[in-house]
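Undergrad: Below is a structure I'd like to ask you about.
Where a number appears in this text, it was derived from the coordinates with a stated rule and is not lab data. The model shown is predicted, which means the values in this text are computed figures rather than measured ones. Positions of Cβ are generated from backbone atoms using ideal geometry, with glycine treated the same way; all protein chains shown enter the neighbour counts.
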Amino acid sequence: MGEKISLKTYILSRILITIPMIFILLTIVFIVMRALPGDPVSMLEGKDIPEEVLARRRAELGLDKPLYIQYISYISSVLRGDLGVTALEKVPVAQYIAMRLPATVELAISSSIIAILIGVFLGVVASFFKQKYLMPLARIYSSIVFSIPVFYLGLLFQASLGVGIGLFPTGGRVSPLNDIVLSEAPVRTNFVIIDSLLVGRPDIILDFLSHIILPSLTLGIYLSSIFARVTYLSLQEILSQEFVVAARSRGLLDSIIIWRYGVRNVLIPLTTMAGLQIAALLGGAVLTETVFSWPGIGSLVYEGILKRDYALVQGVVTIYAFIVAVTNLLVDIIYAYVDPRVRF
Amino acid sequence: MNIKKAISRTMTITISVLILIAIIISAVYIWWQSAQAPSTLTTPSITSPPTKPKYKETIIIGTTDSIQTTLDPAEAYDYLGVNIIQNMGEGLFAYEPGTAKLVNKLAVSYTISPDRKVWDIKIRSDAKFQDCSPMTAYDVVWSWNRTITLNQDPAFLIGDLIDRAEALDNYTIRVYLKQPFEETYVKALLSTWVAFPVNPRTSPMEVVKPPKTLDMIGPYKLEDWKPGEYVLLTTNPCYYGDKPKTSKILIKFYKDPQSLRLAVEKGEIDIAFRTLSPTDLKDLVNNPKLQVVAGPGIAPIRYLVFNVNKEPFNNKLVRQAIAYLIDRNAIINTVFLGKFAQPLYSMVPIGFLGHKDSFKEIYGDKPNIEKAKELLRKAGYNETHKLRLELWFTPVRYTPAEPDIAAIIKQSLEASGIIEVDLKSADWATYRTLFREEKISMWLLGWFPDFLDSDNYVRPFYHSKANTWLHVNYKNPVVDELIDKQILQPTEERIKTLYQIQDIVADDAPIIPLWQEGQYAVAQLNVKGIILDISQIFRYYLLYAEVS
């Protein structure tokens, strides 16, 4: 009972902290975006559009008003749940995010699974096999993979598995024709698996899986180096402790020692690491999304910055901050479940 | 030792499971590849004799372009948005495919008053909007009024042309021009997308936002639009003209030229159009599985701008010296591999009314270092007191090879031994701000025409009332007067006036024209109907792909 009240209080306090955190972040982004030269209307310039038309556009976007008025106006619309519209296209920002966020979620989940599986596997191998031919390889893997720029890794996979052997498509989320089919879903969730089932075309799921493999491998292998390192170091520390020696001396089977004491204890730092990585991935992997033309929010916010689309960038950052806060909270809850010693 | 045994057993099981999973995934993948659901290709009928080829139902066009604003003809001003509108709508006049000739489209005939200020235009009686309601002269006039009233970015194209218009009856429009403009000039403006009739019964008096557009008269209509991802067009069942052979056109957006190239090479798309790098084009020309279709290019033309209010460019001798040093052939041969662009010696492109190679006549077609040095010395510079310049460019907006182009120009100018050049770059929004605030004095730009008339290549650059957007600060009353005069003159006199303008501005050299790029589409071998002409309109309605 005491633990439940404590967890509830903890969750409430985290939610309360999240709100000012999001507003501080929004303020920083607001200032930084306006510090950059140019504004959304700059994208139209370079043609002989009459100055009065450009001035009117700026006025419509409120850009002719003092900065503090623009800030107050924006914050009050966010408080009303209105993230605004993109500057030139006039697409609601919330709609844009709803279109693109599912793609990012799909990529985040698939690459996280690959990262964790490969990383934990290699970390366990490195920790226990002290034979020269295996342990150095695992350590070398971790160092090399992490030092390769992720976009280069993506290009390598694209060139070899996509173009060279021709096993997988080189870009996009589904084949273009299947895009048309999915557009006919009665309700668009923008998650390919769900929409494929809604239009009665489960074969599109396989098309989608073939498209997601290369970007997931790229990000997954890149991040697996972190998980491998964390797993290796954590296991080394745990298995050198006295309680492990004591357990072995009491005659406990090695398999029990490893799974009950070793791996379970590794789950704590792994959970933290996984949570942080997933939160980062949900913000969008700009470079990977660009290489593979993956329509996620990473490339969306990059486009927004280039176009100086204030509402778009601010909207994406708001959602991202919310995602990070929720993910961190979930990590803490899982933490408490994995480690009964944790109290709030 | 025991630990190792335990791990060995666990490892063995794990590895076995992973291998099994890999085998299952491979088997499923191979099954799926071989048992692909039938595509939406049209299959030939087996009940009738095989007399005519059948066509693919959907053609997929990949592009790195994007729609900057909306698909409302009263607002759209970017290449792709306008091009899509040009496949969904029509104007009174249009360019005949493959030519620069303006022909009647929705117009049937017209008469011009003796003072050239009043046009009476008869229009088709069989044209219908997408809801199959008939188009009348009242609809055309309403549409023009809508464009002018909304006064968005391109509204001036007809706003500066038309004083007022009225429908005399269902099929006759009377247009009162603001000035007695030359005939082809008027037709060119009335052929632009901003003058396309839209259905007044369904069109609001405000800009229509994505993912919608307006009901127009054209071979295609908008079926679906996912901003940033794709646009899907389907045939308009109420179109009065020939139905396209291809039922659906899917325009898919790509983030970069590399992805676009891979997509067309792998057959994921049928056509790649705008923009592949010259190196990619060179490789693709040699790919036997693809075809590269080329066409004359005037969008963009590329040029170098000086702010003539700022030192040292307020000195004509410096500008002329640079004009003598520019090596256009080095740019064409190095960056465009000798074949994907042409040197440009006037802001009026090759093929346009009144084009004259004025820069070539004055400065030659090869660098003249000695002449440049002479001018620089007269301007007070020499080998010990060098002229230091900054050359600005923007790396992404025009061509991926922009940094290489800037490097070649730097090299050309430094060949004089008297000039030193620093290269600087910025993304477009920053770049635009820099020259708008006149913080830079020499920069590279490109021009996409609004309409196909020589006026659109002289007025925005050289007329002191129209070139304020460029911040070149060039003011020459003689040139202003000549520009105002040429659009009111009959063709032969107009050509002579255009020659005069080009000679004067070449001598003054506030802007140095550099090159014009060709247009290129890379397509699968079965795709036909790709016509790239001087109109710069990519006509999706002519495309088809035969299937056996």
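Undergrad: Take every Cα pair under 8 Å in the stretch A:107-221 that's 6+ residues apart, average their separations, divide by the length, and report that relative contact order as a whole percent. Display every interim value, and only then the final one.
TA: Numbers: 103 pairs, mean separation 43.2, N = 115.
Rounded, it is 38 percent for the stretch A:107-221.
Undergrad: Something else: Of B:Pro460, A:Val32, B:Ala523, which is farthest on the positive side of the dipole of the protein assembly as shown, counting Cα position, with +1 on Lys and Arg Cβ, -1 on Asp and Glu Cβ, and the Cα centre as origin?
TA: My answer, from the dipole projection, is A:Val32.
Undergrad: Oh, and also: Once fully extended, how much extra length lies between B:Asn526 and B:Asp507, figured as 0.36 nm per residue of separation less the alpha-carbon to alpha-carbon distance?
TA: Working: separation 19, 0.36 × 19 = 6.84 nm, distance 4.97 nm.
Here the segment from B:Asn526 to B:Asp507 would lengthen by 1.9 nm.
Undergrad: Does anyone have the angle between helix A:67-79 and the longest principal axis of chain A? Alpha-carbon axes, 0 to 90°, nearest 10?
TA: Tilt of helix A:67-79: around 60 degrees.
Undergrad: Follow-up question, since we're still on this one. For Cα pairs less than 8 Å apart in space and 6+ apart in sequence, what is the mean separation divided by the residue count of chain B, i.e. the relative contact order in percent? List each step's numbers first, then the result.
TA: Working: 1101 pairs, mean separation 103.5, N = 548.
That works out to 19 percent.
Undergrad: Still on this structure, I have one more. When only alpha-carbon atoms count, how far does chain A stretch along each of its three principal axes, as whole angstroms with the largest first?
TA: Principal extents (Cα only, largest first): 85, 57, 41 Å.
Undergrad: Here's another thing I want to ask about it. Distance check, please: which entries in B:Lys356/B:Lys475; B:Lys101/B:Lys439; B:Lys105/B:Lys475; A:Lys90/B:Lys128 exceed 32 angstrom between their Cα atoms? Before the final figure, lay out each step's value.
TA: On the way: B:Lys356/B:Lys475 21 Å; B:Lys101/B:Lys439 42 Å; B:Lys105/B:Lys475 39 Å; A:Lys90/B:Lys128 29 Å.
Going by Cα-Cα distance, B:Lys101/B:Lys439; B:Lys105/B:Lys475 fall outside the 32 Å limit.
Undergrad: A further question follows. May I ask you to give the average projected area over all directions of the convex hull of the Cα atoms of the stretch A:42-102, in nm² rounded to one decimal? Intermediate results must be reported in sequence, preceding the final value.
TA: On the way: hull surface 20.8 nm².
Taking a quarter of the hull surface, the average projection is 5.2 nm².
Undergrad: Same structure, new question: Where in chain B are the DSSP H helices whose alpha-carbon span along the long axis reaches 27 Å or more and whose Kyte-Doolittle mean is at least 1.0? Don't skip to the end; give the middle numbers.
TA: Details: long enough: B:2-34 (48 Å, 1.23).
Result, helices passing both filters: B:2-34.
Undergrad: Which value, in nm² and rounded to one decimal, describes the direction-averaged projected area of the C-alpha convex hull of the protein assembly as shown? Each step should come with its number before you reach the end.
TA: Details: hull surface 182.9 nm².
Mean projected area of the Cα convex hull: 45.7 nm².
Undergrad: With a cut-off of 8 Å between alpha carbons and a minimum separation of six or more residues, what is the relative contact order of the stretch A:172-253 in percent? It would help to have the intermediate numbers written out before the result.
TA: Values: 40 pairs, mean separation 17.4, N = 82.
About 21 percent, as a whole number.
Undergrad: Right, something else. In the structure shown, do any of B:Lys310/B:Lys386; B:Lys316/B:Lys386; B:Lys310/B:Lys424 have a Cα-Cα gap over 24 Å, and if so which? Could you put the intermediate results ahead of the total?
TA: On the way: B:Lys310/B:Lys386 17 Å; B:Lys316/B:Lys386 17 Å; B:Lys310/B:Lys424 18 Å.
Pairs exceeding 24 Å: none.
Undergrad: What nm value, rounded to one decimal, do you get for the distance between B:Ala330 and B:Leu20 when each label is placed 7 Å out toward the C-beta?
TA: 6.8
Undergrad: Next question. Angle, helix A:297-306 long axis vs. longest principal axis of chain A, Cα atoms, 0 to 90°, nearest 10?
TA: 40
Undergrad: With the Cα gyration tensor of the stretch B:167-309 giving a ≥ b ≥ c as the square roots of its eigenvalues, does the rule (a/c under 1.5 for rounded; else a/b larger than b/c for prolate; else oblate) give rounded, prolate or oblate? Mind dumping the intermediate values first?
TA: Working: a/c = 2.08, a/b = 1.37, b/c = 1.52.
It is oblate, given that a/c is not under 1.5 and a/b is not larger than b/c.
Undergrad: Positive end of the dipole of the protein assembly as shown, charges at C-beta (+1 Lys, Arg; -1 Asp, Glu), about the Cα centre: which of B:Val293, A:Leu16, B:Thr70 has its Cα farthest in that direction?
TA: With unit charges placed on the Cβ atoms, the residue in question is A:Leu16.
Undergrad: Under 5 Å between amide H atoms, partner at least 5 residues away or on a different chain: which partners does B:Leu92 have, H built in plane at 1.01 Å?
TA: Residues meeting the amide H criterion: B:Leu106.
Undergrad: For B:Lys485, list the aspartates and glutamates whose Cα falls under 12 Å from its own Cα; do not include residues on the same chain fewer than 8 positions away.
TA: Filter leaves B:Glu182, B:Asp455, B:Glu493.
Undergrad: Identify all aspartates and glutamates with a Cα-Cα distance to B:Lys245 below 13 Å; exclude those on the same chain that are fewer than 8 residues away in sequence.
TA: Partners found: B:Glu57, B:Glu546.
Undergrad: Could you check the spin-label model distance between A:Ile15 and A:Val199? Points 7 Å from the Cα along Cα→Cβ, value in nm.
TA: Result for the modelled spin labels: 3.8 nm.
Undergrad: Would you please name the trypsin sites (Lys or Arg not before Pro) within the stretch B:210-261 that are DSSP coil residues with at most 16 other C-beta atoms within 10 Å of their C-beta?
TA: Details: sites: B:Lys212, B:Lys221, B:Lys245, B:Lys248, B:Lys252, B:Lys255, B:Arg261; in loops: B:Lys212, B:Lys245, B:Lys255.
Sites meeting the loop and neighbour criteria: B:Lys212.
Undergrad: Taking neighbour counts of Cβ atoms within 10 Å as a proxy for exposure, in what order, fewest first, do B:Cys132, B:Cys238 appear?
TA: Values: B:Cys132 10, B:Cys238 16.
Listed from fewest to most nearby Cβ atoms, that is B:Cys132, B:Cys238.
Undergrad: Hey, another quick one. Taking θ as phi - 60°, what are the ³J(HN,Hα) couplings along the stretch A:83-92 by the Karplus curve (6.51, -1.76, 1.60), each to the nearest whole Hz, with x for Gly and Pro?
TA: With the stated coefficients, the stretch A:83-92 comes to 8, x, 10, 5, 5, 9, 6, 6, 7, x Hz.
Undergrad: Give me the angle, in degrees from 0 to 90, between the Cα long axis of helix A:51-60 and the longest principal axis of the Cα atoms of chain A, rounded to the nearest 10.
TA: 50
Undergrad: Considering only DSSP beta bridges whose two residues both sit in chain B, what percent are antiparallel, to the nearest 5?
TA: On the way: 59 of 76 bridges.
So the antiparallel bridges in chain B amount to around 80 percent.
Undergrad: Assuming a ≥ b ≥ c are the square roots of the Cα gyration tensor eigenvalues, decide whether the stretch B:301-517 counts as rounded (a/c under 1.5), prolate (otherwise, with a/b larger than b/c) or oblate. Each step should come with its number before you reach the end.
TA: On the way: a/c = 1.44, a/b = 1.35, b/c = 1.07.
Since a/c stays below 1.5, the shape of the stretch B:301-517 is classed as rounded.
Undergrad: For a footprinting-style exposure proxy, rank B:Glu75, B:Glu223 by other Cβ within 10 Å, fewest first. Please report the intermediate quantities before stating the final value.
TA: On the way: B:Glu75 24, B:Glu223 15.
Going from sparsest to densest Cβ surroundings: B:Glu223, B:Glu75.
Undergrad: Hey, what's the per residue convex hull volume over the C-alpha atoms of the stretch B:390-548, in cubic angstrom?
TA: Convex hull of Cα atoms, per residue: 170 Å³.
Undergrad: Which far-off residues, 5 or more places away or on another chain, put their amide H under 5 Å from the one on B:Lys424, with H placed in the peptide plane?
TA: For B:Lys424, the qualifying residues are B:Leu391, B:Trp392, B:Phe393.
Undergrad: If you don't mind, there's one more thing I want to ask. For chain B, rounded, prolate or oblate, judged on the Cα gyration tensor with a ≥ b ≥ c (square roots of eigenvalues), a/c < 1.5 rounded, else prolate if a/b > b/c?
TA: Working: a/c = 2.18, a/b = 1.15, b/c = 1.90.
Judged from the Cα gyration tensor, chain B comes out oblate (a/c at least 1.5, b/c at or above a/b).
Undergrad: Tell me the mean residue ellipticity at 222 nm calculated for chain B from its helices only (DSSP H runs of n ≥ 4, each -39500 (n - 2.57), averaged over every residue, nearest 500). Intermediate results must be reported in sequence, preceding the final value.
TA: Values: 16 runs with 177 residues, N = 548.
Per the formula, -10000 deg cm²/dmol.
Undergrad: At 7 Å along the Cα-to-beta-carbon direction for both B:Thr12 and B:Thr430, put a label point, then send me their distance in nm to one decimal.
TA: Using points 7 Å along Cα→Cβ, the separation is 6.1 nm.
Undergrad: In the stretch B:163-216, which GluC sites (Glu not before Pro) are in a loop and have at most 12 other Cβ atoms within 10 Å, using DSSP for the loop call?
TA: Values: sites: B:Glu166, B:Glu182, B:Glu183, B:Glu206; in loops: B:Glu182, B:Glu206.
Here the sparse-neighbourhood loop sites are B:Glu206.
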